[in-house]
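The values are calculated or read from the model by the stated rules, or taken from the named source; none is laboratory data. Just so we're clear, the structure is a prediction, and the values are computed from it rather than from any experiment. Counting neighbours? That spans all protein chains shown, and the Cβs are built from the backbone with ideal geometry, glycine included. All accessible areas refer to the heavy atoms of the entire protein, side chains included, with ligands and DNA or RNA removed. Shrake-Rupley method; radii C 1.70, N 1.55, O 1.52, S 1.80 Å.
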Amino acid sequence: MLILLVEDDRALAEGLKTALKREGFTLNHVVNGKLAIEAIKTATPDIVVLDLGLPDIDGLEVLKNVRSMAEVLPVLILTARDTLEDKVTGLNSGADDYLLKPFEIPELLARLHVLERRLGTTNTAAICIGDIALDITRHEVFLADQPVELPRKEYMLLKALMENAGRIQTRERLLSKLYSWGEETASNSLEVHIHHLRKKLGSGFIKTVHGVGYLVKKP
Ligand code: CA
């Protein structure tokens, strides 16, 4: 799950980065509205976490722009403006949720998981395909009811494939879900993670679509 965080408060952004990565989200961070609009055009995040008080364009303008580009992209607004009027404006402008600063990080995480489920890729807290089960709330994977230990990137990769079962996932799409901008990656890192997953889950579960990417078949 790729989150775009639009927040000019760098201390808050650093704290959120750590918490969201620990939770298994991939995070790209921008510090103003102009960069946010560019980022949405180029990297298509799954969810946008948008601060309203930005140094250049007002967050609500950014939100309107987002809606003109992507109608279904979930947007969670962060703001210190705590008047009812601002809340209504935010929601009327097409925000999916609203969190007032200061907030507790577990609350943000809980709301992101709600948006994630609402995306339709994940209707339940668990995805089961064949004898492999992925528990999204607990970050656990089971093979024939036996727990399988997966490092974070392997878990995220498996989740991206299982959430989109039946649809080919391109290498670019998968890499964008695993790595933030500027994060060091070896050219074969995706193949290495796939190799490890196949060793742990059986070789037939993840299919290679040559020259394109990977696929997990629908149950
Ligand atoms: Ca701000």
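Please work out which one of (1) free of Cβ contacts under 8 Å to residues at least 24 places away in the same chain; (2) closer than 20 Å to Ser176 by Cα; (3) assigned to a loop (DSSP other than H, G, I, E, B); (4) not hydrophobic (A, V, I, L, M, F, W, C) is the condition Pro102 fails and give its number.
If we test Pro102 against (1) free of Cβ contacts under 8 Å to residues at least 24 places away in the same chain; (2) closer than 20 Å to Ser176 by Cα; (3) assigned to a loop (DSSP other than H, G, I, E, B); (4) not hydrophobic (A, V, I, L, M, F, W, C), just (2) comes out false.
Any residue at all in the range 78-88 that's of a type in the set (A, V, I, L, M), away from the ligand (no atom under 16 Å from the Cβ), without any contact (Cβ under 8 Å) to a residue 12 or more places away in the chain and farther than 27 Å from Glu183 by Cα?
yes
Among the listed residues Leu161, Leu134, Leu143, identify the single one that is modelled with pLDDT of 90 or more and surrounded by fewer than 20 Cβ atoms within 10 Å (Cβ to Cβ).
Leu143
Considering only residues that are open to solvent by less than 30 Å² (accessible area, probe 1.4 Å) and touching a Ser or Thr at 6+ places or on another chain (Cβ under 9 Å), which ones fall in the range 5-26?
Answer for the range 5-26, where residues must be open to solvent by less than 30 Å² (accessible area, probe 1.4 Å) and touching a Ser or Thr at 6+ places or on another chain (Cβ under 9 Å): Leu20, Thr26.
Answer yes or no: is there a residue in the range 27-40 that is of a type in the set (Val, Ile, Thr), in a loop (DSSP other than H, G, I, E, B), away from the ligand (no atom under 13 Å from the Cβ) and surrounded by fewer than 19 Cβ atoms within 10 Å (Cβ to Cβ).
Checked against the condition, which is being of a type in the set (Val, Ile, Thr), in a loop (DSSP other than H, G, I, E, B), away from the ligand (no atom under 13 Å from the Cβ) and surrounded by fewer than 19 Cβ atoms within 10 Å (Cβ to Cβ), the range 27-40 yields no hits at all.
Quick one: which of Val48, Val66, Val72 is open to solvent by 10 Å² or more (accessible area, probe 1.4 Å) and more than 14 Å from the ligand (Cβ to nearest atom)?
Val72
Does Ala80 fit the bill of being under 18 Å from the mean Cα position of the chain (by Cα) and open to solvent by 10 Å² or more (accessible area, probe 1.4 Å)?
no
The rows are residues; the columns are (1) more than 23 Å from Thr44 (Cα to Cα); (2) in contact (Cβ under 8 Å) with a residue 12 or more places away in the chain; (3) outside any strand (DSSP E or B); (4) of a type in the set (Gly, Ala, Ser).
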{"residue": "Gly182", "(1), (2), (3), (4)": "no, no, yes, yes"}
{"residue": "Lys199", "(1), (2), (3), (4)": "yes, no, yes, no"}
{"residue": "Gly204", "(1), (2), (3), (4)": "yes, no, yes, yes"}
{"residue": "Lys207", "(1), (2), (3), (4)": "yes, no, no, no"}
{"residue": "Gly211", "(1), (2), (3), (4)": "no, no, yes, yes"}
{"residue": "Leu215", "(1), (2), (3), (4)": "no, yes, no, no"}
{"residue": "Pro219", "(1), (2), (3), (4)": "yes, yes, yes, no"}
